[in-house]
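**Student:** First, the structure itself, so that you have it in front of you.
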Amino acid sequence: MTRGNQREQDRVKAQKKAAANAKKPKESAASLAKRKEADAEILRAKQKKKEEDKAAAAGGGGGGGAK
């Protein structure tokens, strides 16, 4: 039963990890929503560009699914 030292080392390690996480600023709900919307807009723009490139490569035919 010589696990006392291991338990102590794990406790210290957990305290350091918790302290490091406590220093990080929390993201507010408003800024989180803004960031999600900005990311979604970027992805929509990428999808649109990819569809346009695909249509151009396919012969320039129109009628890609309009949303």
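**Student:** Can you tell me which residue in the range 52-67 is modelled with the lowest pLDDT, limited to those that are among the hydrophobic types (A, V, I, L, M, F, W, C) and either exposed (fewer than 10 other Cβ atoms within 10 Å of the Cβ) or part of a loop (DSSP other than H, G, I, E, B) (or both)?
**Tutor:** Applying the filter and picking the extreme gives A66.
**Student:** Any idea how many residues of the range 19-51 are surrounded by fewer than 10 Cβ atoms within 10 Å (Cβ to Cβ) and more than 17 Å from the chain's Cα centre (by Cα)?
**Tutor:** Within the range 19-51, residues that are surrounded by fewer than 10 Cβ atoms within 10 Å (Cβ to Cβ) and more than 17 Å from the chain's Cα centre (by Cα) number 5.
**Student:** Also, I was wondering about something else. Out of the range 15-27, which residues are at pLDDT 85 or above and either of a type in the set (A, V, I, L, M, F, W, C) or not in a helix (DSSP H, G or I) (or both)?
**Tutor:** Looking only at the range 15-27, we keep the residues that are at pLDDT 85 or above, and these are 15-19.
If the condition is that a residue be at pLDDT 85 or above and either of a type in the set (A, V, I, L, M, F, W, C) or not in a helix (DSSP H, G or I) (or both), then A18, A19 are the ones that fit.
**Student:** Could you give every pair whose Cβ atoms fall below 8 Å, whose first residue belongs to the range 28-50 and is assigned to a helix (DSSP H, G or I), and whose second residue is modelled with pLDDT of 95 or more, counting only separations of at least 6 or pairs across chains?
**Tutor:** none
The values are calculated or read from the model by the stated rules, or taken from the named source; none is laboratory data. The model shown is predicted, which means the values in this text are computed figures rather than measured ones. Methodologically, a virtual Cβ is constructed for each residue, glycine included, from the backbone with ideal geometry; neighbour enumeration extends over all protein chains shown.
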